Amino acid sequence: MRLSVLDQAPVTSGNTAEGALNKAEELAVLADELGYSRMWMAEHHGGNTFASSAPEVTAARLAARTNRIRIGTGGVMMMHYSPLKLAEVFKTLSAFSPGRIDFGVGRAPGGDTSAMYALSEGRQLMLHNMYDKLGITMQLLQDQIPEDELYTKNLAAPTDVALPEVWLLGSSGNSALKAAQMGVGYSFAQFFNGAMSNEILDHYRDNYQPSVFMDKPEINVSYMVTTAETKEEAEYEALPQDIFRLMMSKGRITQVLTPEQAQEVSLTEIDRMAIAEGRKIHLVGAVKDIAVRLQEEQAQYGFQEAMICSIPHSQEKRLEVYRLLARELLGS
């Protein structure tokens, strides 16, 4: 099983956005050294909880600071950008780092309604044509001229560069089928709703049509993980993330607390039940147990790669999560 990194550049309590981006860079360098396959930056808008609002910009920095690991987006939110702009950005990235760039895209807004309208400058949002937009972008990436009249006079520059890998993010059967039909990788967000099933992934594999971007079906699955040498330590480090998700479910977006601050939060019995339910999509435990869980799920669902998102409060503990998983699953 390959291991990869999904990072949101979290701005934890008492820290800064600038620091969060520098910590993403530090994580990329470590992941490169440990043998992780790829690192993707998410896209979030309109708040002070995550600093990853321009993942393609961060990707350029990370690619320049690493040597082997693939770098990309998980993902760019297509609704905000034109296909021409998307193609030109990722062709530029690929020109600088040929064979190492991933164009991962999603259909979500990456922010609330006010952020969506601010990004569109108040124009009517076009939410019905996401897959068409991806198809046009893929043509432009190949130096082709799409039939859509908006693009018949434009090549996407730079031309004649290595193609990036293309991945579609999703958590439903519909996105799995579209990824298959378009011949791109499918990235399943297990930490969104825990709805992964053999039916969804088989739907992707069974309908796959090879493309110049990917000749066979490829699946990675994104997990939220907090782990340590012992279960007790993992539980201690995980509570701030549990409380963050609890508050988010109540419509309150807060920064991730320190473990000490989290211990002081007064939780009702209903809150504790909600946190327990949330553990279905937040894997917490001793690293050997987490490694076994991931291997069991790979055997059950047949994916090739686990993509790990981990947000302990401190950078030291976050890097330790990735070191421990690499030790258990990559032998590094």
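Here is a yes/no grid of residues against (1) in contact with a helix residue (DSSP H, G or I) (Cβ under 6 Å, 6 or more places away or on another chain); (2) open to solvent by less than 40 Å² (accessible area, probe 1.4 Å):
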{"site": "7", "(1), (2)": "yes, yes"}
{"site": "16", "(1), (2)": "no, no"}
{"site": "23", "(1), (2)": "yes, no"}
{"site": "41", "(1), (2)": "yes, yes"}
{"site": "44", "(1), (2)": "no, no"}
{"site": "51", "(1), (2)": "yes, yes"}
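So, in the stretch 171-190, how many residues would count as being among the polar types (S, T, N, Q), in a helix (DSSP H, G or I) and over 17 Å from residue 133 (Cα atoms)?
In the first step, residues of the stretch 171-190 are kept if they are among the polar types (S, T, N, Q); the result is 171-172, 174-175, 181, 187, 190.
Imposing the further condition that a residue be in a helix (DSSP H, G or I) reduces the set to 174-175, 181, 190.
Subset that is over 17 Å from residue 133 (Cα atoms): 190.
Total meeting the criteria: 1.
Results for (1) of a type outside the set (D, E, K, R); (2) open to solvent by 30 Å² or more (accessible area, probe 1.4 Å); (3) touching a residue at least 60 places away in the same chain (Cβ under 8 Å); (4) part of a helix (DSSP H, G or I), shown as yes or no for each residue.
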position	(1), (2), (3), (4)
161	yes, yes, yes, no
166	yes, no, yes, no
169	yes, yes, yes, no
192	yes, yes, yes, yes
195	yes, yes, no, no
*Filter the stretch 171-180 down to residues that are in contact with a helix residue (DSSP H, G or I) (Cβ under 9 Å, 6 or more places away or on another chain) and not small (Gly, Ala, Ser) and give me whichever is most open to solvent (accessible area, probe 1.4 Å).*
178
*Filter the stretch 208-220 down to residues that are among the polar types (S, T, N, Q) and open to solvent by less than 60 Å² (accessible area, probe 1.4 Å) and give me whichever is farthest from the chain's Cα centre (by Cα).*
211
*Report whether or not residue 278 is free of Cβ contacts under 8 Å to residues at least 24 places away in the same chain and farther than 26 Å from residue 217 by Cα.*
no
*Considering (1) aromatic (Phe, Trp, Tyr); (2) closer than 21 Å to residue 190 by Cα; (3) in contact with a Pro (Cβ under 8 Å, 6 or more places away or on another chain), say which one residue 303 fails and leave the rest.*
(3)
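Please determine, by comparing only the residues of the stretch 140-153 that are open to solvent by 70 Å² or more (accessible area, probe 1.4 Å) and not in a loop (DSSP other than H, G, I, E, B), which one is nearest to residue 164 (Cα to Cα). Quick ask: steps written out before the conclusion?
Of the residues in the stretch 140-153, the ones open to solvent by 70 Å² or more (accessible area, probe 1.4 Å) are 144-145, 147, 149-150, 153.
Add one more test, that the residue is not in a loop (DSSP other than H, G, I, E, B), and what stays is 149-150.
Numbers: 149: 25, 150: 23 Å.
Filtering first and then ranking leaves 150.
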*Looking only at the stretch 93-119, which residues are open to solvent by 20 Å² or more (accessible area, probe 1.4 Å), without any contact (Cβ under 8 Å) to a residue 60 or more places away in the chain and of a type outside the set (A, V, I, L, M, F, W, C)?*
100, 113, 117
*Please work out which residue is nearest to residue 42 (Cα to Cα), limiting yourself to the stretch 75-92 and to residues that are open to solvent by 10 Å² or more (accessible area, probe 1.4 Å) and touching an Asp or Glu at 6+ places or on another chain (Cβ under 8 Å).*
77
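Residues that are open to solvent by less than 60 Å² (accessible area, probe 1.4 Å) and either closer than 23 Å to residue 171 by Cα or hydroxyl-bearing (Ser, Thr, Tyr) (or both): list the helices (runs of 4 or more DSSP H) wholly contained in the stretch 221-332 that include at least 2 such residues.
On the way: elements: 231-249, 259-263, 269-278, 287-301, 315-329.
In the stretch 221-332, 231-249, 269-278, 287-301 are the helices (runs of 4 or more DSSP H) which contain 2 or more residues that are open to solvent by less than 60 Å² (accessible area, probe 1.4 Å) and either closer than 23 Å to residue 171 by Cα or hydroxyl-bearing (Ser, Thr, Tyr) (or both).
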*asked:* Please go through the stretch 298-314 and give me each residue that is farther than 21 Å from residue 233 by Cβ and more than 19 Å from the chain's Cα centre (by Cα), ordered by number.
replied: 299, 300, 301, 302
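The values are calculated or read from the model by the stated rules, or taken from the named source; none is laboratory data. None of the values given here were measured: they were computed from a predicted structure. Here Cβ is always computed from backbone atoms with ideal geometry, including for glycine, and neighbour counts include all displayed protein chains. All accessible areas refer to the heavy atoms of the entire protein, side chains included, with ligands and DNA or RNA removed. Shrake-Rupley method; radii C 1.70, N 1.55, O 1.52, S 1.80 Å.
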